[in-house]
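All of the numbers you see were taken from the coordinates with simple rules; none came from a lab. Just so you know, these numbers come straight off a predicted model, no measurement behind them. Please note: Cβ atoms are built from the backbone with ideal geometry, for glycine as well, and neighbour counts cover all protein chains shown.
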């Protein structure tokens, strides 16, 4: 007889989004416009005292994490909007090349 495996949560990434040590996110932040997403992430990153990296790095990594977590199931229009939020986030932190 095989030993029964202990089941692990399937969506570990949703737990990361909800309980991140880096940022305290506003509710439904990723459903807003690109500019609103960028401003919210910037505000959260600057207020956080638990982050390990710079505010810019923390905000950008949370946005990238969310995009990657959604994977192939993310509609093209939403992906385009979230990618635009990256540009707005760069602008908000004065990182435009």
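The table below gives the values:
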quantity: Long-range Cα-Cα pairs in segment 30-92 (distance over 15 Å), rounded percent; calculated: 46
quantity: Simple spin-label estimate for residue 64 and residue 79 in nanometres, 7 Å along Cα-Cβ; calculated: 1.7
